[in-house]
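**Student:** Structure below; questions to follow.
The values are calculated or read from the model by the stated rules, or taken from the named source; none is laboratory data. These numbers come from a predicted model, not from an experiment. Cβ placement follows ideal geometry from the backbone for every residue including glycine, while neighbour counts extend to all protein chains displayed.
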Amino acid sequence: QQPVQSPQAVILREGEDAVINCSSSKALYSVHWYRQKHGEAPVFLMILLKGGEQMRHEKISASFNEKKQQSSLYLTASQLSYSGTYFCGTEGAGGNTPLVFGKGTRLSVIA
Amino acid sequence: DAGVIQSPRHEVTEMGQEVTLRCKPISGHDYLFWYRQTMMRGLELLIYFNNNVPIDDSGMPEDRFSAKMPNASFSTLKIQPSEPRDSAVYFCASSPTGTVFSGELFFGEGSRLTVL
């Protein structure tokens with residue numbers, strides 16, 4: 001089942017913060033975050049495992065609430081380079097299953 | 001090291017024609033995935049292989065779609081006959097054994113298919 005991401009799109013000014021949410025109706029083993037710039041391939045940001053710690057990639061961090069089957073991506077002091085579409089990918093509770101990606105959140109950072 | 005290599009990058013064809021998309025995974029990666037990306041549905045998994053063997057093709061939309069992996073360094077996704085609704089960006093991704101479902105997927109740059 002495809003996870004639901006919110007918001008669908010967000011526009012920020014440089015230096016502002018944003019939160020992107022990813023929610024699943026099923027129990028999860030892990031949540032993965034990818035960023036895709038326009039016309040390019042998705043690039044891995046981080047993975048959050050069940051029972052694991054909050055992860056960080058530069059000024060981007062993420063959390064995973066296993067009980068709520070939700071993950072949030074926190075972008076702090078956004079930079080122009082953060083612009084792109086962010087996808088969460090979820091792995092089912094049993095593990096060892098291919099990722100199912102959400103539809104993505106389009107983030108635009110303007111000067 | 002070279003990443004995942006896909007060809008062609010762009011393909012424009014007419015309805016009814018056969019389309020073949022190609023992928024070379026990263027050397028040493030035992031898992032290969034084909035995804036399709038559209039605005040409406042996002043990234044959808046079509047099929048994945050482990051050691052050249054198809055493991056799950058439940059995402060392949062119709063019999064018009066087929067995928068093969070004749071060896072560890074090459075895979076194809078074929079659409080025959082193609083239809084306008086097949087227009088999308090098709091991504092190939094690979095992953096090394098041991099981290100395949102809990103690690104990074106390495107994506108190619110994608111093949112943008114337009115069926116007129």
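**Student:** Among the residues of the range B:75-84, is any among the β-branched types (V, I, T), within 28 Å of A:W33 (Cβ to Cβ) and surrounded by 15 or more Cβ atoms within 10 Å (Cβ to Cβ)?
**Tutor:** No: zero hits.
**Student:** When the residues of the range B:48-106 are narrowed to those that are in contact with a Leu (Cβ under 9 Å, 6 or more places away or on another chain) and among the acidic types (D, E), which ends up modelled with the highest pLDDT?
**Tutor:** So the residue we want is B:D86.
**Student:** Related question: Within the range A:12-55, which residues are among the hydrophobic types (A, V, I, L, M, F, W, C), farther than 18 Å from A:K103 by Cβ, away from chain B (no Cβ under 14 Å) and touching a Leu at 6+ places or on another chain (Cβ under 8 Å)?
**Tutor:** Once the filter is applied, which keeps residues that are among the hydrophobic types (A, V, I, L, M, F, W, C), farther than 18 Å from A:K103 by Cβ, away from chain B (no Cβ under 14 Å) and touching a Leu at 6+ places or on another chain (Cβ under 8 Å), the range A:12-55 yields only A:L12.
**Student:** Still on this structure, I have one more. For the list (1) in contact with a Leu (Cβ under 8 Å, 6 or more places away or on another chain); (2) surrounded by fewer than 18 Cβ atoms within 10 Å (Cβ to Cβ), I need the number of the one condition that B:L45 fails.
**Tutor:** (2)
**Student:** One residue is enough: does the range A:75-91 have a residue meeting the conditions modelled with pLDDT under 90, touching a Phe, Trp or Tyr at 6+ places or on another chain (Cβ under 8 Å) and either assigned to a loop (DSSP other than H, G, I, E, B) or closer than 30 Å to B:I5 by Cβ (or both)?
**Tutor:** Looking for residues that are modelled with pLDDT under 90, touching a Phe, Trp or Tyr at 6+ places or on another chain (Cβ under 8 Å) and either assigned to a loop (DSSP other than H, G, I, E, B) or closer than 30 Å to B:I5 by Cβ (or both), one finds at least one in the range A:75-91, hence yes.
**Student:** Under 9 Å by Cβ, and 6 or more places apart or on different chains, what pairs join a residue from the range B:45-69 that is free of Cβ contacts under 8 Å to residues at least 40 places away in the same chain with one that is surrounded by 20 or more Cβ atoms within 10 Å (Cβ to Cβ) and polar (S, T, N, Q)?
**Tutor:** B:F49/B:S75; B:N52/B:S75; B:R64/B:S82; B:A67/B:S75; B:K68/B:S75; B:M69/B:S75
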